[in-house]
1. Going by how many other Cβ atoms sit within 10 Å of their own, how do TYR94, TYR115, TYR434 line up, fewest first?
2. Just for the Cα atoms in segment 330-380, what are the lengths along the principal axes, largest first, rounded to whole Å?
3. Based on the Cβ-Cβ distance of THR325 and ALA201, what FRET efficiency does E = 1/(1 + (r/R0)^6) give at R0 = 45 Å, to the nearest 0.05?
4. Less than 14 Å Cβ to Cβ from VAL234, Lys/Arg counted +1 and Asp/Glu -1: what total charge do the surrounding residues give?
5. For the pair ARG144 and THR28, how long in nm is the line joining their label points, each one 7 Å along Cα→Cβ?
6. Scan around ASP331 for amide H atoms under 5 Å from its own, H built in the peptide plane at 1.01 Å from N, and keep only partners 5 or more places away or cross-chain.
7. Please work out the FRET efficiency for the pair MET426 and ALA264, using the Cβ-Cβ distance as r and a Förster radius of 56 Å; give the result to the nearest 0.05.
8. Return the Cα extents of segment 46-150 along principal axes one, two and three, sorted largest first, each rounded to a whole Å.
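Computed from the coordinates by the stated procedures, all read-outs in this text should not be read as laboratory data. None of the values given here were measured: they were computed from a predicted structure. Backbone-built Cβ (ideal geometry, glycine too); neighbour counts: all protein chains shown.
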Amino acid sequence: MIRRLDLFGRLILILLGALVLLGTLGVTLFYVREQHRPPFRQAPFPRLQLAAGIIDLAASETPNRLPLVLRGANGLDVVTRILSAEPSTPDLRYAPRLTARLRSFIRSGTSVRAYVSTVFIPRARSSGVEGFLARASARLPDGRVIVIDTNSTGDKDAPRLLGWPASQWMGAAATLVVLLALWGTARETRPLRRVVQAMLAFDGTRVTIAGAPSAAADIRRTSEAAAAMQERVVTLLGERALMIGAISHDLRTVLTRMRLRVAALGDTAARTPLERDLERMDAMLSDALAFARGTATGPERLPVDLADIAASEAAERDARGQWGTIDLALDDAPCLGDALALRRVVANLIDNAIKYGGGRVVVTTGSAADRAWLAVEDDGPGISPDQRAEMLQPYRRGEQARRAGLAGSGLGLAIVQQIIGGHHGMIAIGASTYGGAQVTISLPLDACAP
């Protein structure tokens, strides 16, 4: 039955259960309190009559017998004292109607005053008096004052259960019910949080959502739909990878044939521009295919160091004689990632700096807090601030590069952003201290692990 309820229905069930439990505890405690309540007193003004009796008795006794009167009058609800003067009453208020009622019970004719509490204000009483008697005072024949203080709430000590009054039991019960309701709510929404976490961890290589058979009906359906969607995405990406591989193989076969035919030409002057065009076509094809498969980085994340990758790429270009010197300032920058994909990132950044720079390339690496970073700077024309976000889009080239007639596909930084995004990293374009552009990538030290 409960498996058919959706999340809203289960939360309503938790709320109703909490209310029923709290109501049951309240009724139980009320019953216990009523069982412990003292018998109803028949006298309409028991405290006034008690105070009047004590005053009459004290007024009729001799001074040496007054201590016996005080000993017999004091109890749980009444404290009787004999003072030399009327005490101050900062938290009490004189009650004339209650005084008149008290005077009607006194037979000795002693002058009396009655007070009520200013803190405890009872509900309206049908008798018309101001409230429960808090203090009564009277002048004795010897000039002293007898003061009678009573429990101003009008009740005896509240009944207790296992040492706790009923009010504390109600507070503890309400707290327990609220905690149980919160626990039940967290338990019912836990499968939904797991679905959200699985969706955030999805990288297109495998299904990350597991079944939730004990979840609410709507959460279970949502989980099943999300898992089916992930499975379709994984299938589509796999088919795309196969298609890209087939296209790459066919196009490179054609390019190889064209290179062989160009090499067979005897005219060097005619062959050189054709070879240059074929190299550009090969580079553009590589960029386009890399961008098409850019997010499909390998699912396995292994320990890599951006400093080692940067040193290797710089050494490779020095060995080929493509660049005079690449300045390196490398500190350890370890992280988890796809080594081949990150190598392509570093290669693209260095090649861009070589192509668009003015003769100087500086590569720095390091780590800070929980991230590893790599920065490549050049001394070229740089990238204007209003074009930096646009340069991360595919097939976008800077204004200076177009004016200079430099070859390129406009996919270099787009590929970098795609691969770095697949590693849950960040890329930023800024101004170099050498006057050109600075491109910085940063990767979490371990968050890119699957």
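1. Details: TYR94 13, TYR115 24, TYR434 19.
So the residues, fewest neighbours to most, are TYR94, TYR434, TYR115.
2. Largest first, segment 330-380 extends 33, 22, 12 Å along its Cα principal axes.
3. So, using R0 = 45 Å, E works out to roughly 0.60.
4. Charge balance near VAL234 sits at 0.
5. According to this spin-label approximation, the distance is 5.3 nm.
6. THR365, GLY366
7. Details: r = 49 Å, r/R0 = 0.88.
The value I calculate is 0.70.
8. Principal extents (Cα only, largest first): 42, 26, 24 Å.
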